[in-house]
Amino acid sequence: MQHLGVALIGHSFMGAVHSQAWRAVGHAYDLPARPARTVLVGRRAQAAAHAAERLGWQDSTDDWKSVLRRDDVHIVDICTPGDSHAEIAVAALEAGKHVLCEKPQANTVAEAETMAAAARRAREQGIRAMVGFTYRRVPALALARQLIAEGRLGDIRHVRAAYLQDWLYDPRAPFTWRLQRERAGAGALGDIGSHIVDLSQYLLGDTIDAVSAQTATFVGVRPLADSPERTGQVTVDDAAVFTARFTGGALATYEATRYATGRKNALRIEVNGSCGSLAFDFESMNELSFYDAAQDAENTAGFRRILVTEPGHPYLEGWWPPGHGLGYEHAFVHQARDLVTAIAEGTDPAPGFEEGLRVQRVIAAVEASAADGSRYTRIDRHGSV
Ligand code: SOE
C-alpha cells in the first residue's frame, strides 16, 4: 500500500477541517493508498506544536519550506490565506509534491495562471494539483451533476445561486485578514462567491461567458480584535450581486454576502431546464429537490424531496445506513478520498488548477464590471414616468 505523507500548512478553521478529513478518510473508504498526518506547519512553532498535538499530526514546524525537502512528505495541503497560495503551491509542485490548495486558488488571475502553469509542468512528472471547492462533493450536489449530465433537466435555461452568511452584519464585528485585499484578494466575492461560481460551472459542465455586477462595502472601518480602540480599513467587498451568461446560453444570477442577517452558511442553488429543475439548500444538505416535468402528471406535479443518503448515491458507500445524514466536514473527507485515489491511479483530480483559474477569471470580471459603473443603467428619478 503506497504511503502518502501529508504536510498541512495552516491550522485555523480550514486546517482543522482538513485534519478531520485526513483522519477520517481511511475509516470511511478502502483507499488505494494510505495518507498519514505527517507534519503540521504554522507561523509560530509553539502554536503549531499545540495544534499538531490536538489535531493528530506526527510532527510540526514553523518553516513551510522545510517540509518540501522531506522524503516522508508527498502531499502539501495549503490552508493559508490566499496571499501565500501561489508561492507555496509553485514551490511544492517544483519540489515534486502533490498539492491540495484551499479556495480561492489565488488572489489574482496572474497568480492563478502561474499556479496552473506549474501544475501543467508537474503533471508531466505524475504530480497532481487540486483546488478545494468542496461543495461539489456534497452528495446531493454530486447527484445533481449526474442528473444534469444524464439530460434529466433537458436544455439548461437558468442558474440561481446565493451564498449567504451574516458574520459581518454587526459593525462591531472585528477586523480580520479576510477584510484586507492584500491578504484575501477579495471579500465575499472571492471567499464564498468563488464557491457558487465553481459549483454552477461544475453542475452545468459549462463556463460563464460574461457578467454584469455590483459590489458594496457597507462598513469601511472595523475595530481590531486585540485592541478595539484601534481600527482597520476594509479594502474588499462585503457583498457582490451579479448576472451571468453561460457559453451554452443559460442566464444566471448570483449573490454572495456576509450581511444576510440570520443566514449562517446558506448556500442555495437552483437550476431550471427545459425538462425540469433541481434545487439545493446547504441548510438541508442531505436533500435535493427535483421537479421532473417529463414524469409528473398534472394533478401530482411538484418538486420531490430526494433524501440523498442511499448506498448508491455519490460517496454514501463509505457512511451510515439510509437517513442517517452527513455534515459539512464530510465533503472534505470526499475531497481527500478523491485526491488520494487520483494520485494512486495516476489520474487528474478535479477541480485542478485550470478550473481554479477559470473561477479566478470570473471573479476578476465581476470586479471589473462592478468598477465600471457606466454599465449599470441608473433610474431617472426626475423622469415623467
Ligand atoms: C467563510 O467563512 C467560509 O469559511 C469559507 O471560507 C469556506 O470556504 C466555506 O466552506 C465556509 O465559509
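Suppose we filter V221, V241 for residues that are surrounded by fewer than 14 Cβ atoms within 10 Å (Cβ to Cβ), more than 24 Å from E354 (Cα to Cα), in the same structural domain as S289 (by TED's automatic domain parsing) and touching a residue at least 12 places away in the same chain (Cβ under 8 Å); which single one remains?
Criteria check complete, one pass: V221.
Scoring L147 on the criteria (1) more than 19 Å from the chain's Cα centre (by Cα); (2) within 16 Å of the ligand (Cβ to nearest atom) leaves a single failure, condition (2).
With the condition kept exactly as written, say whether any residue in the range 324-331 is crowded, with 21+ Cβ neighbours inside 10 Å, in a helix (DSSP H, G or I) and within 16 Å of the ligand (Cβ to nearest atom). Yes, because at least one residue in the range 324-331 is crowded, with 21+ Cβ neighbours inside 10 Å, in a helix (DSSP H, G or I) and within 16 Å of the ligand (Cβ to nearest atom). Residue pairs whose Cβ atoms lie under 7 Å apart, separated by 6 or more positions or on different chains, with the first residue in the range 316-332 and over 12 Å from M285 (Cα atoms) and the second within 16 Å of the ligand (Cβ to nearest atom) and part of a loop (DSSP other than H, G, I, E, B), are W319/L326.
What are the residues in the range 168-189 that are more than 11 Å from the ligand (Cβ to nearest atom), assigned to a helix (DSSP H, G or I) and buried (at least 22 other Cβ atoms within 10 Å of the Cβ), if any? L179, L189 - these are the residues of the range 168-189 that are more than 11 Å from the ligand (Cβ to nearest atom), assigned to a helix (DSSP H, G or I) and buried (at least 22 other Cβ atoms within 10 Å of the Cβ).
Scoring Y202 on the criteria (1) crowded, with 17+ Cβ neighbours inside 10 Å; (2) in contact (Cβ under 8 Å) with a residue 60 or more places away in the chain; (3) of a type outside the set (D, E); (4) touching a strand residue (DSSP E or B) at 6+ places or on another chain (Cβ under 9 Å) leaves a single failure, condition (4). You will find that of R258, R222, the residue that is within 16 Å of the ligand (Cβ to nearest atom), in contact with a Leu (Cβ under 6 Å, 6 or more places away or on another chain) and not polar (S, T, N, Q) is R258 and no other.
Listed by first and then second residue, the pairs with beta-carbon distance under 9 Å, at least 6 apart or on different chains, first residue in the range 127-139 and within 11 Å of the ligand (Cβ to nearest atom), second hydroxyl-bearing (S, T, Y) and part of a helix (DSSP H, G or I), are F133/S194; F133/Y202; Y135/Y202.
Looking across the range 295-315, the residues that are touching a residue at least 24 places away in the same chain (Cβ under 8 Å) and closer than 26 Å to D155 by Cβ come down to F303, I306, V308, H313, P314.
Given the options P35, P81, name the one that is at pLDDT 95 or above, in contact with a strand residue (DSSP E or B) (Cβ under 6 Å, 6 or more places away or on another chain) and either hydrophobic (A, V, I, L, M, F, W, C) or assigned by TED's automatic domain parsing to the domain that holds R123 (or both).
The unique qualifying residue is P35.
Only one of the numbered conditions (1) part of a strand (DSSP E or B); (2) over 18 Å from the mean Cα position of the chain (by Cα); (3) within 27 Å of N265 (Cα to Cα) is violated by L100, and that is (2). Scanning the range 190-219 for residues that are of a type in the set (A, V, I, L, M) and either touching an Asp or Glu at 6+ places or on another chain (Cβ under 9 Å) or within 16 Å of the ligand (Cβ to nearest atom) (or both) yields a total of 7. Restricting attention to the range 40-74, the residues that are over 24 Å from the mean Cα position of the chain (by Cα) and either at pLDDT below 95 or not in a loop (DSSP other than H, G, I, E, B) (or both) add up to 15. Looking only at residues in the range 225-253 that are within 16 Å of the ligand (Cβ to nearest atom) and under 22 Å from the mean Cα position of the chain (by Cα), which one is farthest from P174 (Cα to Cα)? For the range 225-253, the residue satisfying everything is A240. A count restricted to the range 44-72 and to residues that are surrounded by 13 or more Cβ atoms within 10 Å (Cβ to Cβ) and among the basic types (K, R) stands at 2.
Within the range 121-167, being under 18 Å from V99 (Cβ atoms), aliphatic (A, V, I, L, M) and assigned to a loop (DSSP other than H, G, I, E, B) holds for one residue alone: I127.
The values are calculated or read from the model by the stated rules, or taken from the named source; none is laboratory data. Small disclaimer: the values here were computed from a predicted structure and weren't measured. Don't worry about glycine lacking a Cβ; one is built from the backbone with ideal geometry, like all the others, and counts go over all protein chains shown.
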